[in-house]
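*Asks:* Submitted below is the structure of interest, expressed as structure tokens.
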Amino acid sequence: MKTIEDLGDLRGKRVLVRSDFNVPLDGTTITDDGRIRAALPTLTRLLDAGARVVVTAHLGRPKGAPDPKYSLAPVAARLGELLGQPVALAADFVGPSARQVVGALGDGQVALLENVRFDARETSKDDAERGALADELAALADAFVSDGFGVVHRKQASVYDVAQRLPHAAGLLVLGEVAALRRATEDPARPYVVVLGGAKVSDKLGVISNLLGKADRLIVGGGMAYTFAVAQGHSVGTSLLEADQVDTVKGYLEQAKAKGVEIVLPVDGVVAPKFAADAPATVVPVDAIPDDQMGLDIGPRSCELFAAKIADAKTVVWNGPAGVFEFEQFSAGTRAVAQALVDAGANGAFTIVGGGDSAAAVRRLGFDEARFGHISTGGGASLELLEGKQLPGIAVLES
């Protein structure tokens, strides 16, 4: 992939940057600015080079039309604080306001276009529709830098199509993400351990299938572990269960055994009668979950087991929390996994936190991000790289 340096002298040039500013909000308050901070190295590099930086991004899932609750105004304010300079926010993304704001930029200044997903063409399956929006975006700039790793697995106008219309390069974030994930998947130092959590097995079917031929050890926690428990013949009460995936999981267990891949599952869990922060919690063996209880975290013996199975790893990839970490009394499992990665890293392992909820958990639980080898900004994109898929937003940069 071409780098920013390959674009030549950028002083006075308008550079369109696709960032990923899909941050969590509580009303208009950003609760985790990790993705904004991750964009700073690329933006600073461009601003220091004298470029006139035009950032395009999305927030949430508006239905192809303007929606005030998905405005990027809070992002513009926070980005300005982090950069130490004002960030003008255009009231639209390719309309009169965008043209006016971009036209007023001086060298080393930055503007943010309003949520690009306010236009249904951004996510259209029709090449011509996406192309029309990409034409309008491209008209605002002289070059394009792709730096929103969280969206490179999407064939969208501001990610894929605009790169075909302008001199393009990968930003520092995208370069770092791809290098880290390829290091972990193409020729990993062994033992290679993958920790998967989160709610659904179905979200990670492709990953599990691919990893059964690559990983030495697969550790499964979170809600998806209960489907594995049922596949082993256990009852899981009212825990999250994908009954239609039980046979698939049985097949995975058989494949793992045949290939010599160790699958590590919880041996106990923290259960409660309802999904609530203040629900009364009880620790039970995984094969003794009461019919009226749901599993919301792995138990203390599982925490010890998971940590022991991570301890000797030389490469660890973690994607998905071990429990409902947002609730304090159900956060111990996720905390234990994060600490195990920190400890493995201290012993020389290359550790990756695979974006999404895992990255949010690391920050929420107070871990020093510098203690991990790499924290991804893109949960879905990192999963698809782990699956071995070709990502449209990366492929177009390599063309």
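*Asks:* What nm value, rounded to one decimal, do you get for the distance between ASP244 and ASP278 when each label is placed 7 Å out toward the C-beta?
*Replies:* 3.7
*Asks:* Along the three principal axes, how long is region 276-380 when you take its alpha carbons, biggest first, rounded to the nearest angstrom?
*Replies:* 42, 26, 23
*Asks:* Step through the residues of region 186-203 one at a time and calculate ³J(HN,Hα) from phi using the Karplus curve (6.51 cos²θ - 1.76 cosθ + 1.60, θ = phi - 60°), rounding each to whole Hz and writing x for Gly and Pro.
*Replies:* Rounded to whole hertz, the list is 8, 8, x, 5, 10, x, 9, 10, 10, 10, 10, x, x, 7, 10, 4, 4, 5.
*Asks:* Based on Cβ point charges of +1 for Lys and Arg and -1 for Asp and Glu, what charge dipole magnitude is obtained for the chain about its Cα centre, in debye rounded to the nearest 20? Could the numbers behind the result be given before it?
*Replies:* Details: 40 positive and 50 negative charges, 115 e Å.
Its charge dipole is roughly 560 debye.
*Asks:* Counting only C-alpha contacts under 8 Å and six or more residues apart, can you give the relative contact order of the chain as a whole percent?
*Replies:* Numbers: 880 pairs, mean separation 61.4, N = 399.
This gives 15 percent for the chain.
*Asks:* Additional query: Amide H of VAL195: which non-local residues (sequence gap of 5 or more, or other chain) have their own amide H closer than 5 Å, using H built in the peptide plane?
*Replies:* When sequence neighbours closer than 5 places are left aside, the close amide H contacts are ILE219, VAL317, TRP318, ASN319.
*Asks:* Report the relative contact order of region 302-399, percent, no decimals, based on alpha-carbon pairs under 8 angstrom and at least 6 residues apart.
*Replies:* 25
*Asks:* Beyond 17 Å, what share of the Cα-Cα pairs of region 148-269 remains, rounded to the nearest whole percent?
*Replies:* Counting every Cα pair in region 148-269, those more than 17 Å apart make up 64 percent.
*Asks:* Hey, what number do you get for the chain at 222 nm if only DSSP H runs of n ≥ 4 count, each worth -39500 (n - 2.57), divided across all residues, to the nearest 500?
*Replies:* Working: 13 runs with 138 residues, N = 399.
Result for the chain, helices only: -10500 deg cm²/dmol.
*Asks:* Between their Cα atoms, which of LYS259/LYS314; LYS13/LYS63; LYS200/LYS250; LYS259/LYS389 are more than 27 Å away from each other?
*Replies:* LYS13/LYS63
*Asks:* Find the accessible area per residue for region 267-328; the probe is 1.4 Å, ligands and nucleic acids are left out, and the unit is Å².
*Replies:* Value for region 267-328: 43 Å² per residue.
*Asks:* Only Cα pairs under 8 Å and at least 6 apart count here; give the relative contact order of region 64-172 as a rounded whole percent.
*Replies:* 23
*Asks:* Among LEU173, LEU305, LEU296, whose mean-square fluctuation peaks in a Gaussian network model of the chain (Cα, cutoff 10 Å)?
*Replies:* LEU305
*Asks:* Any chance you could give the angle, 0 to 90 degrees and rounded to 10, that helix 127-138 forms with the longest Cα principal axis of the chain?
*Replies:* Tilt relative to the chain: about 60 degrees.
*Asks:* What are the residues whose amide H is under 5 Å from the amide H of LEU166, where those residues sit 5 or more places off or on another chain and H is modelled from the backbone?
*Replies:* none
*Asks:* Let me ask something additional. Report, in degrees rounded to the nearest 10, the 0 to 90 angle that the Cα long axis of helix 246-259 makes with the longest principal axis of the chain.
*Replies:* In the chain, helix 246-259 runs at an angle near 80 degrees to the longest axis.
*Asks:* Using a 7 Å offset from Cα along Cα-Cβ at ARG183, what residues in region 356-381 end up with backbone N under 15 Å from the label point?
*Replies:* Inside the label zone: 370-377.
The values are calculated or read from the model by the stated rules, or taken from the named source; none is laboratory data. Since we're looking at a predicted model, the values are computed, not measured. Here Cβ is always computed from backbone atoms with ideal geometry, including for glycine, and neighbour counts include all displayed protein chains. Side chains are part of the model used for accessible areas, which takes the heavy atoms of the whole protein and leaves out ligands, DNA and RNA. Shrake-Rupley method; radii C 1.70, N 1.55, O 1.52, S 1.80 Å.
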